[in-house]
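Undergrad: I am attaching a structure below and will ask some questions about it afterwards.
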Amino acid sequence: MRQSEVYISGMTELGDLVRASRLAQGLTRDDVAIATGLSPKFITHIEAGKPTAQIGKVLHLLGELGITLRAQVSVDIPPALAAKAPKRRRAAHGS
């Protein structure tokens, strides 16, 4: 399997990538919906570049299609601060 890097600047490019990946694997939207537990309509919205999709569901869909996201950060983040970041969470809303 060949790996590709695709620049994603918005939901349109992400939707194009999801659709291309699905088609390359010979999958229908219904196939992906069954595998992910997401609705075919949600997958259609992602492929159409709908900007209001829930990020958790999008990440789940990407994982099922074998797509990994990487972030390119333009700020220098010291390793010690990066290690500390996951530990500093605010209390849940309403707590």
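Undergrad: Mind checking which lysines have their C-alpha under 17 Å from Lys41, skipping anything on the same chain fewer than 8 residues away?
TA: Excluding near neighbours in sequence, the set is Lys50, Lys57.
Undergrad: Right, here's the next one. Choose one of Ser21, Pro86, Leu38: the residue whose Cα lies farthest towards the positive end of the charge dipole of the range 11-87 (beta-carbon charges +1 Lys, Arg; -1 Asp, Glu; about the Cα centre).
TA: Pro86
Undergrad: Using the Cα atoms of the chain, I'd like the radius of gyration and the largest Cα-Cα distance, Dmax, both in angstrom.
TA: Every Cα atom of the chain included, Rg and Dmax give 16.3, 47 Å.
Undergrad: Relative to the longest principal axis of the chain, what angle (0 to 90°, nearest 10) does the C-alpha long axis of helix 55-64 take?
TA: It works out to around 60 degrees.
Undergrad: Please determine, in degrees from 0 to 90 and to the nearest 10, the orientation of helix 11-24 with respect to the longest principal axis defined by the Cα atoms of the chain, where the helix direction is its Cα long axis.
TA: Result, in degrees: 50.
Throughout, read-outs are computed from the coordinates displayed, never taken from laboratory work. These numbers were taken from a predicted model, which means no experiment stands behind them. Ideal geometry is used to build each Cβ from the backbone, glycine not excepted, and the neighbour counts take in all protein chains shown.
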